[in-house]
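What follows draws every value from the coordinates through simple rules; no lab data is involved. On a predicted model such as this, the values are computed, not experimentally measured, just so you know. Here Cβ is always computed from backbone atoms with ideal geometry, including for glycine, and neighbour counts include all displayed protein chains.
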Amino acid sequence: MPKRVGRYTLRQTLGEGTFGRVKYAINEETSTEVAIKILDKHKIQQQNMGAQIKKEISIMKMVRHPNVVKLHEVLASRTKIFIVLELVTGGELFDKIVAAQRFDNTTARFYFRQLIEGVRYCHSKGIAHRDLKPENLLLDAHGDLKISDFGLSALYTGEGDDVSRTTLLHTTCGTPNYVAPEVLNDKGYDGRAADVWSCGVILYVLLAGFLPFDEPHMSALFKKIQKAEFDFPAFIKGDARDLVNRILVPDPTKRVTVDDIMAHPWFVGTDGYTPPDI
Ligand code: ADP
Ligand code: MG
């Protein structure tokens with residue numbers, strides 16, 4: 001017997017997340033296909049589904065943008081939380097980078113624009129992601145980018161604006177390669193500027209095919225991130241290099257904003273790219 005959750009029938013596993021699996025499911029009333037992320041309440045040390053979390057969910061349900069995975073609803077049992085999401089079938093951007101080794105400017109720009117469009121929209125609704133990385137960027141059947149889990153990191157903690165360092169490190173599985181310096185410093189920070197930093201690391205990865213900050217020891221990694229100590233391979237040049245340099249600035253008040261990014265010559269670049277249908 002397939003397992004039922006409310007009006008959904010759960011089928012195969014689509015992926016493994018930090019706190020549990022993501023399963024393919026069908027809404028039996030509407031025949032709509034969805035993805036359901038199953039979170040173990042103990043694993044995330046979930047506080048009660050308090051007012052704050054309910055508020056976050058209602059905000060996230062209002063998020064409607066072509067580059068953000070839509071959250072339909074959240075169900076709960078005694079031990080588990082079921083996050084019902086729009087189904088996205090094209091896989092992770094991460095796997096595409098690995099297969100391609102790195103992207104040319106045109107392809108990188110195609111994905112980066114969609115990333116920034118999604119980020120700008122969510123910030124305009126007062127939601128920061130806090131865990132942007134290629135593993136959380138999914139591709140749909142047309143090859144368009146969809147940001148997964150927007151706002152969920154805040155949901156995991158049940159806090160409002162401040163995600164503590166321990167929580168963030170936990171949600172990133174202890175490899176904070178994409179995390180902004182001010183987040184590591186554990187002072188109060190603006191989640192939007194921290195998202196911009198992560199977008200800068202993602203842009204670097206799209207163009208280079210490897211991470212700008214990568215050290216086997218956590219303390220060495222933290223130091224490099226805090227000083228924004230990284231090198232460019234020779235093939236990243238001109239406007240692309242300039243944009244990465246303007247984003248990966250340790251002081252969040254001196255970092256470019258989403259609007260600055262959208263006005264940058266590399267972002268505005270005119271050569272088009274149409275993704276192949278999958
Ligand atoms: P976590 O944030 O806990 O790591 P994710 O949300 O990234 O969990 O989900 C883990 C994996 O499950 C993803 O990398 C992806 O392969 C798959 N997945 C997540 N959300 C969806 C979705 N909406 N549609 C299809 N697959 C998904
Ligand atoms: Mg993930």
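Results, tabulated for the structure shown:
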read-out	value
Estimated FRET transfer efficiency (N27, K3; beta-carbon r; R0 22 Å; 0.05)	0.95
Sequence-distant aspartates and glutamates (8 or more away, or on other chains) whose Cα lies within less than 13 Å of K237	D104
Given charges at beta-carbon only (K, R positive; D, E negative), |dipole| of region 190-239 in Debye	60 debye
Size of charge dipole - region 1-120 - debye, nearest 20, with Cβ of Lys, Arg +1 and Asp, Glu -1, no other charges	340 debye
Reachable aspartates and glutamates, given that their alpha-carbon falls under 12 Å from the alpha-carbon of K70 and they are not under 8 places away in the same chain	E86, D149
Region 98-150, relative contact order [Cα under 8 Å, separation at least 6], %	34 percent
Normalised contact order of region 182-235, rounded percent, pairs of Cα under 8 Å and 6 or more residues apart	26 percent
Computed label-point distance, nm, for sites D40 and A99 using a 7 Å Cα→Cβ extension	3.1 nm
Region 64-134 - Rg and Dmax from Cα coordinates, angstrom	15.0, 49
Given K80/K146; K133/K223; K41/K133; K187/K223; K43/K227; K125/K146, the pairs whose alpha carbons are separated by over 28 Å	K43/K227
Separation between Cα centres of region 187-205 and region 219-236, rounded to whole Å	14 Å
Residue-span extension gain [T253 to A234] - 0.36 nm each, minus C-alpha spacing	4.0 nm
If the convex hull is drawn through the Cα atoms of region 193-238, its volume per residue in Å³	87 Å³
Projected label distance in nm at K80 and D260, using a 7 Å step from Cα toward the beta-carbon	4.5 nm
